[in-house]
Amino acid sequence: MTTATVSHAAQTAQWTKKDLLGLRELSAEEIRLILQTAESFREISLRPIKKVPALRGKTVVNLFFEPSTRTRVSFELAAKRLSADIMNIAAQSSSLSKGETILDTVRNLEALKIDMLVIRHAAAGVPHLIAKHSHASVINAGDGSHEHPTQALLDLFTIQEKKGRVEGISVSIIGDIAHSRVARSNIWGLTKLGARVTVCGPATLVPPQIEQLGVRVTYKLEEAIRGADVVMLLRIQHERQEATLVPSLREYRLRYGIDRERLKQAKPDVLIMHPGPVNRGVELDSDVADGPFSVILDQVTNGLAVRMAVLYLLSGSRLEEEPA
Amino acid sequence: MTTATVSHAAQTAQWTKKDLLGLRELSAEEIRLILQTAESFREISLRPIKKVPALRGKTVVNLFFEPSTRTRVSFELAAKRLSADIMNIAAQSSSLSKGETILDTVRNLEALKIDMLVIRHAAAGVPHLIAKHSHASVINAGDGSHEHPTQALLDLFTIQEKKGRVEGISVSIIGDIAHSRVARSNIWGLTKLGARVTVCGPATLVPPQIEQLGVRVTYKLEEAIRGADVVMLLRIQHERQEATLVPSLREYRLRYGIDRERLKQAKPDVLIMHPGPVNRGVELDSDVADGPFSVILDQVTNGLAVRMAVLYLLSGSRLEEEPA
Amino acid sequence: MTTATVSHAAQTAQWTKKDLLGLRELSAEEIRLILQTAESFREISLRPIKKVPALRGKTVVNLFFEPSTRTRVSFELAAKRLSADIMNIAAQSSSLSKGETILDTVRNLEALKIDMLVIRHAAAGVPHLIAKHSHASVINAGDGSHEHPTQALLDLFTIQEKKGRVEGISVSIIGDIAHSRVARSNIWGLTKLGARVTVCGPATLVPPQIEQLGVRVTYKLEEAIRGADVVMLLRIQHERQEATLVPSLREYRLRYGIDRERLKQAKPDVLIMHPGPVNRGVELDSDVADGPFSVILDQVTNGLAVRMAVLYLLSGSRLEEEPA
């Protein structure tokens with residue numbers, strides 16, 4: 001990305017929102033703006049010197065109430081490559097253990113004149129609550145079973161990169177639809193950009209009214225795979241799953257696990273996606289996860305570009321403000 | 001702050017001490033110099049680009065033997081906004097668990113040619129011991145029930161900001177005086193700058209000879225509130241308190257908790273201060289903590305400026321040394 | 001170090017390896033190149049502004065599967081003084097706890113386009129496995145009882161600094177030879193550079209075939225001390241030791257502990273070295289550890305220079321690439 005390119009992206013930007021809380025709240029135009037900005041930032045991580053001064057002197061805080069090395073590291077690196085100052089706060093070791101409320105923690109951070117707050121929390125809606133009470137920009141890095149917008153944005157970016165477009169693409173999301181913030185954010189994003197979405201999983205893990213979001217439902221893996229341009233697997237979070245929802249990992253694999261054999265029913269240019277970390281041998285076999293159709297590691301690479309774009313847009317930075 | 005302003009502050013500086021261990025050791029002139037320098041730094045955090053190169057190439061280490069997210073983050077951000085390199089060491093995960101002595105840990109850090117060491121420890125005097133054996137500048141970030149000098153400095157800064165002066169101001173400190181390093185540092189700082197200090201709390205939590213430090217003692221909340229320009233609450237650290245000192249939190253609240261009703265006895269322009277985190281509904285009710293008299297969040301903002309000033313003065317940095 | 005000096009070191013560099021996995025794999029010339037480069041970097045940490053832009057825009061990750069504050073901090077500071085971006089990942093809190101394999105963790109980091117990976121792991125060979133599957137440069141920061149190359153490099157650097165050379169120097173390594181990665185890396189490095197190496201310890205802690213590495217074996221401390229230019233103590237890791245190998249710490253001290261009395265048998269200019277942290281009163285008495293022959297803290301200082309050199313050489317950085 002040359003300075004001119006960034007400048008151009010910035011000048012055409014129509015970003016007006018303070019926060020990124022979910023894809024439900026975004027218009028198709030706003031989603032496209034993020035993807036287009038990410039496109040400009042993607043190239044920075046391929047340079048010998050992977051750093052631009054775009055967010056110099058801005059302060060970003062990773063406030064993680066749930067542990068997550070992957071997402072934390074991706075945001076941390078995105079901030080560093082934009083030259084922002086970033087601080088990590090793990091809620092376990094925070095003042096919260098001294099009985100402080102979440103809002104008090106946030107007000108205290110805000111009093112330090114921070115610019116952006118990246119929040120992960122086990123309860124749906126916490127980032128929204130914080131955003132309402134904070135002048136800082138809030139980025140939802142996953143709230144309960146609700147939304148994980150930057151994950152869906154990187155998925156959209158990857159589909160667009162590999163397929164040339166999102167509109168008209170047929171995407172099947174397979175797994176625990178009911179408890180997945182990744183599924184929910186992807187459903188919002190994919191349908192807004194005109195993709196055709198199928199969700200598939202055991203009946204116990206697919207919410208009853210989900211069709212109302214504009215998706216097709218099937219409980220049969222074959223139906224989900226056949227004709228799909230993209231097969232997006234969700235992680236079976238067996239450490240959280242209630243015993244009654246899935247009888248056993250072995251049974252889940254038998255009915256919904258993707259192996260090379262089953263993949264033969266898919267289109268010859270199907271994309272295999274997964275938000276990671278993969279349970280090898282459960283929802284996905286190693287020969288598929290590491291095979292030619294898998295774009296799982298491209299998703300990780302694109303996640304960095306998407307998060308740089310989100311930090312950049314929310315910061316309201318314009319090149320004019322930057323030092324020469 | 002323009003470059004000229006910093007330069008001016010630096011040129012008039014008479015700072016000669018290697019360490020900041022407590023306010024007991026400082027003269028009124030030294031305290032005023034820190035407050036004046038903090039005044040120059042305050043404005044940096046209000047800029048779009050919150051960063052100056054003052055401490056570029058200096059190394060600061062946060063060595064915390066007691067966990068503290070707030071103070072650690074405040075020092076970390078202060079260092080980053082001054083462009084210093086900062087490393088966080090939580091003593092729990094340090095070599096100390098391999099049986100190394102504190103002095104060996106410090107000598108090892110010093111061998112890495114660090115410039116400043118910010119230390120928090122549960123035992124009084126540890127920062128002094130370390131300072132004596134180290135070439136690096138040591139900043140006491142709280143040692144046992146002894147001192148917490150940067151907290152008192154930010155309190156002084158806040159009083160001066162809101163009241164225009166510290167001299168002649170009447171300050172009442174309420175709570176567990178006996179075990180509070182915040183109280184002790186404030187008593188030293190406030191009396192040196194000419195404030196009139198009252199301490200108030202249950203007889204079990206007020207040290208017998210405390211009048212010798214030049215403060216008035218009362219056990220009645222009304223007497224402490226009446227006529228005070230500043231009411232400074234201390235945190236009841238119920239997780240540490242011995243059962244015999246305070247019968248119950250409920251009883252503490254009944255006798256010493258501040259609510260809107262009790263605050264009516266105070267001056268119409270009283271300031272409510274608290275070092276945080278607040279036990280809402282114990283020493284302070286929410287409608288007071290969040291009310292018009294509260295300057296609790298200003299204290300947090302000012303803490304950043306004060307810590308920037310302390311790092312700057314102790315580093316011995318002069319603008320002449322800095323790169324163009 | 002002037003820019004010209006670095007430039008010169010870089011221009012004569014013949015470094016071609018992607019990784020630093022052990023000293024076994026290095027030629028004497030490669031070891032000398034690292035020591036020579038470290039010589040250039042040593043001076044940076046003595047400046048008022050301890051920072052050069054050599055690795056600006058490079059990303060280094062400390063991936064520690066075993067906790068180690070000292071080594072982590074040394075690498076972190078080395079990276080920061082070279083202006084690299086560095087991220088710390090403690091494996092305890094990483095995705096590994098979600099059942100992800102090590103290689104998946106590494107592939108994910110690599111997808112973030114990181115440049116260098118500093119790895120510590122309790123199992124021998126893990127850094128080699130990772131290096132084989134990664135485009136990023138891997139630095140072994142200690143793998144099981146196998147190697148700890150940067151520790152041996154800093155030991156070589158310290159001997160050369162104090163004695164003017166390594167060739168022909170007589171070095172006795174004392175302690176648990178069998179389980180020490182420090183001993184193993186030092187044996188490779190010292191013998192390659194032409195030092196004469198003696199190993200000494202209880203028969204249970206000296207591997208049977210160790211002479212094949214070109215070292216002399218003795219079980220008597222007196223024989224190891226007499227005539228040695230350098231006495232290198234190893235840490236007795238009593239927290240790991242099986243009860244049967246050493247009867248007791250008291251007995252170990254009686255037979256192999258170094259005190260002032262025993263040191264009288266050594267050369268008048270003997271060097272006392274220890275990788276730290278020292279068990280005072282076990283393998284080394286305090287009056288020796290802190291005495292005139294001890295270079296233990298010089299080792300720490302030199303470790304920083306050596307790690308800066310290793311990061312610099314592995315990054316493939318040349319001054320031509322750097323911004324003006």
Over the protein assembly as shown: Rg over Rh, Cα atoms, Kirkwood Rh: 0.99
Hey, which residue of C has the C-beta nearest the axis mapping C onto A, and what's the distance in Å? C:Asn88, 5
Rounded to 5, the percent of DSSP beta bridges in the protein assembly as shown classed as antiparallel: 5
Would you work out the Kirkwood radius for the stretch C:149-299? I mean one over the mean of 1/r across all pairs of different Cα atoms, in Å. 15.1
In the structure shown, do any of A:Lys18/B:Lys50; A:Lys80/B:Lys113; C:Lys17/C:Lys192; C:Lys162/C:Lys192; A:Lys80/B:Lys18 have a Cα-Cα gap over 22 Å, and if so which? A:Lys80/B:Lys113; A:Lys80/B:Lys18
Hey, how many Å between the Cα centroid of the stretch C:44-85 and the Cα centroid of the stretch A:44-93? 17
Note down the nm distance, to one decimal, between modelled labels 7 Å out along Cα→Cβ at A:Lys267 and at C:Glu261. 8.4
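Which of B:Met232, C:Met87 has the fewest other C-beta atoms within 10 Å, and how do the rest follow up to the most? Intermediate values should be presented prior to the final figure.
On the way: B:Met232 27, C:Met87 22.
In increasing order of surrounding Cβ atoms, one gets C:Met87, B:Met232.
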With θ set to phi - 60°, apply the Karplus curve 6.51 cos²θ - 1.76 cosθ + 1.60 along the stretch C:122-133 and write out the HN-Hα couplings as whole Hz, x wherever there is a Gly or Pro. 6, 9, 4, x, 4, x, 5, 4, 5, 4, 5, 9
Given Cα pairs under 8 Å that are at least 6 residues apart, what percent is the relative contact order of chain B? 21
For B:52-61, what's the mean count of beta carbons from other chains sitting within 10 Å of each residue's beta carbon? 3
Rg over Rh, two decimals, the stretch B:86-214 (C-alpha only, Kirkwood Rh): 1.06
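Apply the membrane-span-like helix rule to chain B: whole DSSP H runs, Cα extent along the own long axis of at least 27 Å, mean Kyte-Doolittle hydropathy at least 1.0. List the helices found. If you can, show how the numbers build up before the last one.
Details: long enough: B:296-315 (28 Å, 1.17).
Those that pass (Cα extent of 27 Å or more, hydropathy at least 1.0) are B:296-315.
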Can you list residues whose amide H is under 5 Å from A:Asp176's amide H, if they're 5+ apart or on another chain and H is modeled 1.01 Å from N? A:Leu234
Proximal lysines to C:Lys220, defined as alpha-carbon separation beneath 18 angstrom and excluding residues fewer than eight positions away on the same chain: C:Lys264, C:Lys267
For A:Leu213, which inter-copy label distances result when the label point lies 7 Å beyond Cα on the Cα-to-Cβ vector, reported in nm to one decimal and in ascending order? 5.8, 5.8
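Order these by the 10 Å Cβ neighbour count, fewest first: B:Asp298, A:Asp85. If you can, show how the numbers build up before the last one.
Values: B:Asp298 17, A:Asp85 23.
Taking fewest neighbouring Cβ atoms as first place, the list is B:Asp298, A:Asp85.
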The base-10 log of I(q)/I(0) that the Debye equation returns for chain A at q = 0.11 Å⁻¹, one scatterer per C-alpha, is -0.69
Given Cα pairs under 8 Å that are at least 6 residues apart, what percent is the relative contact order of the stretch B:149-296? 23
Computed curve, the stretch C:39-89, Cα-only Debye sum without solvent term, log₁₀ I(q)/I(0) at 0.13, 0.24 Å⁻¹, is -0.32, -0.91
Which whole number gives the average count of other chain Cβ atoms within 10 Å of the Cβ atoms across peptide C:67-76? 6
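Values in this text are rule-based calculations from the coordinates and carry no lab data. Here the structure is a predicted model, which means the values were calculated and not measured. Here the Cβ is made from the backbone with ideal geometry for all residues, glycine too, and neighbour counts use every protein chain on show.
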